[in-house]
Every structure is written in C-alpha cells, then in structure tokens.
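Scroll down for the structure; my scribbles are underneath it.
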Amino acid sequence: MSNCNLVLTPLEANKKLSKDDAPQIWKNKQQMTLIPHAQAIGNLMHSSVSTRLDIFYTINSLAQFLSNPRFTHWQTLKCTMWYIEANLNMGLKYQHKKNGNLLYNFFDANWANDKDTWWSTSSY
C-alpha cells in the first residue's frame, strides 16, 4: 500500500455497483477466486462500523456482491483502501466529558438507487 495512488473519496462519484457486473465467463470466475476479496471486506467491515463511518456505505455496497464478485468490485475495494491510506488520521474518537455528553446523528438516504432491485440504501 505504500506505493498506491491516493484518492480523496472512498467511492467514485456516481459509481453504481450492480450484479450485472458479475463475471459470466468461467475463466473470470476462476480468476476472482484467487483474489482475497471476501477477506478484505471482512477486515474493513469492523472498522466501517466502529470508527470509520466514512467508508461504511462503500463497504456495505461491496458486501452485497461477496458471493459473485467481479474485478470491478475488487478495483472499487482497492480504491477504498487507497482512500484509507490517504486518511489514516481520520476516524471517530470516543471519550467521556464531564460537562455533558452530546451526540449528533446525521442520516443520509439514497432512494431507490440500487439498479438491481430499486431498493433504497441508507447510512448514518
């Protein structure tokens, strides 16, 4: 990761992942079995839930294709890892304050943006 191209966002703007991206040719499916796609998603899932909420949407979107990933999904995951490398000092820090605790919550919804099922996706 030390020689990677650093990126500013965990997911390219207007990038839509789809099951239609899944490999149809047996040779491409065999090549994807050699790539540690599921392991990388699993490793990033914990961070995305606990301290790196900025990558939560991307990791959640990629996790939907664990059973049949394509090389474009792997490229998107690598982009997310490059984003993390560029922003290692970002994250949430949980601490207790004596003067009162405030917790702010923001919600973002993406209405019917899944082009496979037309379901909505939301994130905190």
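No value in this document is a laboratory result; all are computed from the given coordinates. On a predicted model such as this, the values are computed, not experimentally measured, just so you know. Ideal geometry is used to build each Cβ from the backbone, glycine not excepted, and the neighbour counts take in all protein chains shown.
How would you order 68-77, 41-50, 10-19, 89-98 from highest to lowest mean count of nearby Cβ atoms within 10 Å? Kindly include the intermediate steps, with their values, before the conclusion.
On the way: 68-77: 18.5, 41-50: 15.6, 10-19: 13.7, 89-98: 7.3.
Most protected by this proxy first, the peptides run 68-77, 41-50, 10-19, 89-98.
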Checklist line | Label-point gap, in nm, between Ala63 and Ala86 - each point 7 angstrom along Cα→Cβ | finding: 2.4 nm
